[in-house]
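In what follows, a structure is listed as structure tokens, so that the remarks can point back to it.
The values are calculated or read from the model by the stated rules, or taken from the named source; none is laboratory data. No experiment lies behind these values; they were computed from the predicted model shown. Ideal geometry is used to build each Cβ from the backbone, glycine not excepted, and the neighbour counts take in all protein chains shown. To get the accessible areas, we keep the full protein, side chains included, count just its heavy atoms, and leave off ligands, DNA and RNA. Shrake-Rupley method; radii C 1.70, N 1.55, O 1.52, S 1.80 Å.
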Amino acid sequence: MLRGIVVSLLCLLTLPAAAQYNINKMMEEGRRTLDQGYYVTSMQIFSRIVGLKPNLYEAWYLMALSKYHLEDYKGADSDCRRALELQPYIADIYELYGMTNIREERYDSAIVAYTHAIDISPDNRDYWFNRAYSLYRVGDKQTALTQLDYMLKRWKDFSAAQQLRADIKAGRQPKQRPSKPIQFDINHLRPLNKSPWLMKQVTEGENKQSKLP
């Protein structure tokens, strides 16, 4: 009888490790299928993962990315919100959230998302461009031009910004679409700790994501 109790206890002790191993294996499979373009399969895998471990922000983000590629922008929007509730300090999540809002023509929300992304990663010119694009689409022509002028001083050969500036000056619909298609890169899914804005948020324990429209 004592032996049976010991065996049972050992089995119970190994369950958490086994469950974590299974989730890790599922995450690997989900990343692989997403990278290969099997978006329905990857979405199903990440959906199962968040059902088992709902606080895993990476799974929510990757499920959102799968839905984005499937043009389920509403679903991607919802999943991005959940990922940002769990981890509001990764620029790529804000980028995806911003792009889903652009696809849904919710440009005000896209501006907020890209502002967060720029605060975290201020040297990413695509974030700057997409925010300027969204500003123009909500009718804030002057602010969009001011930002484009700033961008062209930093990145003189940024042809997309040059084209958008010309379109705004001419008062026509932008020929240049939002910059940089969303791509999966697991190496980017890590919190950044160099931004003064980010350090302030961590220190004060604030969560600005709750204010996202």
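With respect to residue 70, is the statement that it is at pLDDT 95 or above, of a type outside the set (Ser, Thr, Tyr) and either open to solvent by less than 10 Å² (accessible area, probe 1.4 Å) or more than 30 Å from residue 131 (Cβ to Cβ) (or both) true? Walk me through it before giving the result.
On the way: at pLDDT 95 or above: yes; of a type outside the set (Ser, Thr, Tyr): yes; either open to solvent by less than 10 Å² (accessible area, probe 1.4 Å) or more than 30 Å from residue 131 (Cβ to Cβ) (or both): no.
No: the conditions fail for residue 70.
Report whether or not residue 92 is touching a His at 6+ places or on another chain (Cβ under 9 Å), crowded, with 21+ Cβ neighbours inside 10 Å and either at negative phi or without any contact (Cβ under 8 Å) to a residue 24 or more places away in the chain (or both). It would help to see each step written out before you state the result.
On the way: touching a His at 6+ places or on another chain (Cβ under 9 Å): yes; crowded, with 21+ Cβ neighbours inside 10 Å: yes; either at negative phi or without any contact (Cβ under 8 Å) to a residue 24 or more places away in the chain (or both): yes.
So residue 92 fits the description; yes.
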Residue hits (the range 46-74; farther than 19 Å from residue 93 by Cα and not basic (Lys, Arg)) are 51, 52
Please work out which residue is surrounded by the most Cβ atoms within 10 Å (Cβ to Cβ), limiting yourself to the range 106-134 and to residues that are among the basic types (Lys, Arg) and farther than 16 Å from residue 77 by Cα. 131
Say we look at the range 164-196 and pick out the residues that are surrounded by 13 or more Cβ atoms within 10 Å (Cβ to Cβ) and polar (S, T, N, Q); which of these is modelled with the lowest pLDDT? 195
Could you check how many residues of the range 51-66 are surrounded by fewer than 24 Cβ atoms within 10 Å (Cβ to Cβ) and either of a type in the set (Val, Ile, Thr) or under 13 Å from the mean Cα position of the chain (by Cα) (or both)? 2
